[in-house]
1. With 10 angstrom as the radius, rank A:VAL41, B:VAL362 by how many other C-beta atoms surround their C-beta, starting from the fewest.
2. What pairs from A:LYS53/B:LYS270; A:LYS19/B:LYS466; A:LYS165/B:LYS270; B:LYS347/B:LYS530 go past 32 Å between their alpha carbons?
3. What nm value, rounded to one decimal, do you get for the distance between B:ASP436 and B:GLU408 when each label is placed 7 Å out toward the C-beta?
4. I'd like the Kirkwood hydrodynamic radius of the stretch B:444-489, using the inverse of the mean 1/r over distinct C-alpha pairs, in Å.
5. What net charge do the residues around B:THR528 carry, taking every other residue with its C-beta under 13 Å from that of B:THR528, with Lys and Arg at +1 and Asp and Glu at -1?
6. What ranking do B:THR289, A:THR93 get, fewest neighbouring Cβ atoms within 10 angstrom at the top?
7. For an R0 of 56 angstrom, estimate the FRET efficiency from the Cβ-Cβ distance between A:ALA2 and B:ARG499 and round to the nearest 0.05.
8. What's the FRET efficiency of B:GLN391 with B:GLU462 using the Cβ-Cβ distance as r and R₀ = 56 Å, to the nearest 0.05?
Amino acid sequence: MAYAYLFKYIIIGDTGVGKSCLLLQFTDKRFRPVHDLTIGVEFGARMITIDGKQIKLQIWDTGGQEAFRSITRSYYRGAAGALLVYDITRRETFNHLTTWLEDARQHSNSNMVIMLIGNKSDLESRREVKKEEGEAFAREHGLVFMETSAKTAANVEEAFINTAKEIYEKIQEGVFDINNEANGIKIGPQHSTGAGAGGAGGAGAGGASSGGCC
Amino acid sequence: MATSDSEDFESADEGQNTPIKKDRKERLSSSNYTENSRELDHKTKKTQSSSTDTVKNKEEPKSSDGWDDFDIGDDEILVAQNAVPSNTHVLQSNKNETIDSNYSQDKTTKKSEETKSKDTGWDDFDDWGQDDNTIEDPYKPIQTQPTRQETKSIYPDIQEVTEKLANTTTTSTTGGWGWGWSVDSILTTATAGISTLTNQVSQGISTVLETSIGAPDPEELARQTAKEKEAKANSPDGLESNINTNNDKVDPKSTSDAFPFRGLISEVTKFVETTGTKVISGGLGTLETIGKKTMEVLQDGDPGLAKKRALLGLAPDEKPVLSQILREAKAKADEDDRIREEKKEAKEVHYENLFDDFEGLVHLEALEMLSRQVNMRIEERMRGLSPEKRQDLKETLQQVAELCEMPEDDEDDNDPSEDTFKSEAFHERLQTATQDLGLKLQFQPIVKQYTEAIDWLSSGGELTEKQVYKRAVASLAQATALSVELYHKAGEMLLVKPRRSTADEADALTQMTAVLTKHVSELATLFTEKLNELQTENTEQIHNYITNIFLEAGNSSTYIQNAFQLALPILQIGAV
């Protein structure tokens, strides 16, 4: 599959907040109420289009169990975007956000775009965390915020795509050096000959030349 | 043929030719983008539209195929400028201020920037070699100096450079015309030659251009302005807004600076477009007339034309017959289509692509990350030890590594001959191999994949050798991807396993590796046997396929053993 860019995402957060369900909803547009515990990391991928360019999102869905923390930490590296997920019906998953955020900031590159997600917004009656609290946390820590429902698919597309847009903007601004794969961005196969040693700006322009010649 | 010909031309008169070179490059690349369209008009449109997509080669000559590109080009320049962290804003606003007062000067500045911004990003423009050097230096000063006036005084040579640039760009406009009227990429043969010619006599031609085309009419100018305003007005939310903001910044500049210039360009564009349509609808007559006229004009100023013609494969005194060239170009386009089709097919059965599609690559990447991190932990531990203990540790690590050495190919235990039992036997072997691993690995996917491959081959339907080959490569890639996933999962689970028994684990993974490598070779045999069974005259093709299948099977084996080696530190850390 030809793409202009590949973005690596990582989904993190407590166990049972719906990380794998968000991924499944985004990649397969379906919902499975009962999900196996994720061991280590699982993967998903989907193509999206931003600004007329094909972008492949490669999503690393981590296991939220405490036991896997040391393992999943080694996967943070090289992610361009992170979805930090909590469950609006479980206060403790919200309380753990600070730890997750510290972990993410420590083990990933500083430009990583982090999207805070309050999942299970369909379970309004069991809500324990107010939307305003999520917004406040996001504001305080410089994150983008959204409430989603992996079950009803509400805001799921938006969460993934808005994160990609933010990354894309950063590329355009030259914040990301896309030639450094540690930033979680790879240039699509059709650029292997076109974009070269140039700076981020020039290479960013290279990304604009999508169209797939072969 | 066209390419090599014009390459010769360019080496002859390098100084002037660069923009054309670029031009041609662009054209060639857009023809690559063009999908298999055999119809002329279709092709024309596509060439134009695809070059709109191709945001890369933005510059004045480029705009000759539709001035919409112009904005995008400017836009891109800003993008490039944004890469330069702090000065850009100053530069931009400064530009906007100075433009209205003396845009002619600013134009030259801008041009140098344009060139520069391209130079930074594009290996494609290696051809611009000689420009690179001259521009590189003046550009930086321009960026840092608040006004052009100052720049001028401090760097006297800039003006020379920029003027030179402006000249080249002007030249290229006419060059663009030469390219433009030929319109479609089908004309590659003709245009490569002619645009070079055009360039050579560009001075003369620009007069011709103006007289033959006429000055930009007010309507056209009004249309432009309206369109620009429209572009400004449109400012959707989200991501685009950023880009549109850039557009806004650029608009006043491009409007003012390009007015005399761009009017001409868009006129040329219009001319090109109408000519294009006419050519297609009205047949080749029009084009031929234009071509002949052009040739006459060109000949006046070009004593070297005979040489060029010779290079085009024409007798010295014979004028190029465009219909003939078009026919040749069409044949070439057909050939290109065929090649593209083949490439597409080659991609479909490309092992690495398939391996990636089956998530093999990403599992391998994750396993590498784990492996690296564990290795670091081991080294860290080693550093904290006394030399004696460090030696002990090294020995332990070595012992584990030895446990993981692959045994020589042992006796070929007889497989159950019935296909239906093959996958079950495979599952059993996997379970036996890993029973001491102490982990619950999921073997179903790889077993299921095996079953499906067997079923497909024995389904009794008519299969072509191509189908079998495709399926063979895909199956090998998938089996390998699933195998790599097994190592990745095993690695993760071993790292969180409460009680480690390194010797058992190492033995189990070694056995599993033996089973998996044997599996891929079995899989390959299965498909090659099928290929041999097929009744076909094309034995050479069959042989090629069979060789490739075994090659990919070897590839699979290597991937599997590499994955196993990546898991080694994970086994080792359990022992230290």
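1. Taking fewest neighbouring Cβ atoms as first place, the list is B:VAL362, A:VAL41.
2. A:LYS19/B:LYS466; A:LYS165/B:LYS270
3. 2.2 nm
4. Hydrodynamic radius (Kirkwood, Cα pairs) of the stretch B:444-489 is 11.4 Å.
5. -3
6. Going from sparsest to densest Cβ surroundings: B:THR289, A:THR93.
7. So the FRET efficiency works out to roughly 0.70.
8. In this case the efficiency is close to 0.25.
Quick note: the coordinates plus some simple rules give every number you see, no bench work behind them. These numbers come from a predicted model, not from an experiment. Heads up, the Cβs are rebuilt from the backbone with ideal geometry, glycines too, and the neighbour counts pull from every protein chain shown.
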